[in-house]
Amino acid sequence: MKDTIQPKVAVLIPEEMRGRIMPVPAMNALSAFATPVLLPDDVLAGGNLANHLTDVPAVITGWKSPIIPKDALAPRGSIAFVSHAAGSVKPLGVQDALMAGDIRVSHAAPVIAHAVAEFTITQILAHLRRHRAMDAGFRTGLTWTEMRERNLGQMLSAQNVGIVGLGYVGRLVVNLLRPFGCRISVFDPFVSAEQAAQLDVTLLSLDDLFTHCSVISLHAANLPETSGMITRRHLGLLGRGGLLVNTARAGLLEPGALLEALQEGKIYAALDTFDQEPLAEGDALRRLPNVYLSPHCAGHTSDTYTMQGLSAVEEVRLFFNGLPLRQEIPCEKAAVLA
């Protein structure tokens, strides 16, 4: 017989974003086994949030969620599980509790990774086949012949594509690239030769990756150890007409190095992340013809939003039923969370 008293689950996502991440199907799925607690935005933004979480064993968080008060987290508080319907849990302030083993945390990074991987492939193909330039040509008066002759593209199958970082997104990008038949090289110091062989990729040093690849896509985590790892020297090794795609974090690049390389006109870049966001109206990147800009949107689709919410709800259900979580962050990885 089903218990009449269901555990409370607080959805700590501001109302506007909550409507996207936790639409009716997600809320119905949550209500099937728990009592949702929906707090107004002023409570989420206020200083007494802990008072509203005294008997809540699990919370669902997402983009723009507040820092969870330490007093609300186990063992002092009641929250034993945080199901994050987004990627990085750093903004939630739960790392210490996770590292101590006081709480468990899952995230939706594996779900979001599919959208980022698709976006990455889109950027590569659009560049190689000169889609943007041809579309612009129609609007600026170039003749049919001029557009065809000036924008002779390249086949992805003929490229050597370099992947920096084989995390969730990097591995998915490799899988999406494979049917095209291109050569795939990887830099990731945590991937062994045996693992590379299983994935059918070539392990290279960072120098060799930039020297031998015509397309390079960044998917490494943004950590102190990776900050500024892509230097001016690396960008100088990328061949003329080469493309650098960054759907990871701008902090992976040495400050100012990419702008200088792009201003030289030798290479191209497709950028979804920036040192300062939103990108300032007067930023020099906006005026360069060899850079493709997008507003940190690679992981954002209407389909992904729905999947993130449903995934977060399912993690809570598994937690309450004592079943293995599918997207749990191990406590030993808390110190190196991206």
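The values are calculated or read from the model by the stated rules, or taken from the named source; none is laboratory data. Everything quoted here is computed from the prediction, not taken from an experiment. Here Cβ is always computed from backbone atoms with ideal geometry, including for glycine, and neighbour counts include all displayed protein chains. Just the protein is used for accessible areas: all its heavy atoms, side chains included, with ligands, DNA and RNA removed. Shrake-Rupley method; radii C 1.70, N 1.55, O 1.52, S 1.80 Å.
Summary table
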{"quantity": "Charge-dipole axis of the range 253-297 as Lys and Arg at +1 and Asp and Glu at -1 on Cβ define it, positive-most pick from Ala280, Cys297, Ala269", "calculated": "Ala269"}
{"quantity": "For the range 114-231, alpha-carbon Rg over 2.2 N^0.38 Å", "calculated": "1.22"}
{"quantity": "Taking the C-alpha atoms of the range 95-180, convex hull volume expressed per residue in Å³", "calculated": "135 Å³"}
{"quantity": "Dipole magnitude (debye, nearest 20) for the chain, charges at Cβ of Lys, Arg, Asp, Glu", "calculated": "680 debye"}
{"quantity": "For the chain, built as a Gaussian network whose Cα springs stay under 10 Å, the top-fluctuating residue of Ala136, Ala29, Ala220", "calculated": "Ala136"}
{"quantity": "Accessible area per residue, Å², the chain with all protein chains present, probe 1.4 Å", "calculated": "50 Å²"}
{"quantity": "Backbone HN-Hα couplings from phi across the range 312-324 [Karplus 6.51/-1.76/1.60, Hz, Gly and Pro as x]", "calculated": "4, 5, 4, 4, 5, 4, 4, 4, 5, 8, x, 9, x"}
{"quantity": "From phi via Karplus (6.51, -1.76, 1.60), per-residue ³J(HN,Hα) for the range 5-15 in Hz, x at Gly/Pro", "calculated": "9, 9, x, 7, 10, 8, 9, 8, 10, x, 3"}
{"quantity": "Mean shadow area of the chain, taken as a quarter of the surface of its Cα convex hull (nm²)", "calculated": "20.2 nm²"}
{"quantity": "Portion, in percent, of the accessible area of the range 186-338 that falls on carbon or sulfur, probe 1.4 Å", "calculated": "53 percent"}
{"quantity": "Sites Ser294 and Ser78, calculated FRET efficiency, Cβ-Cβ separation with R0 56 Å, nearest 0.05", "calculated": "0.85"}
{"quantity": "Separation between Cα centres of the range 173-232 and the range 260-287, rounded to whole Å", "calculated": "23 Å"}
{"quantity": "Furthest towards positive pole of dipole, Ile216, Phe138, Met22, structure part the chain, Cβ charges", "calculated": "Phe138"}
{"quantity": "Residues of type aspartates and glutamates that Lys90 reaches as a straight line, Cα spacing below 16 Å, ignoring anything fewer than 8 places off in the same chain", "calculated": "Glu328, Glu332"}
{"quantity": "For the range 165-178, Karplus couplings with θ = phi - 60° (6.51, -1.76, 1.60), whole Hz, Gly/Pro x", "calculated": "x, 10, x, 3, 6, x, 5, 5, 4, 4, 5, 6, 6, 4"}
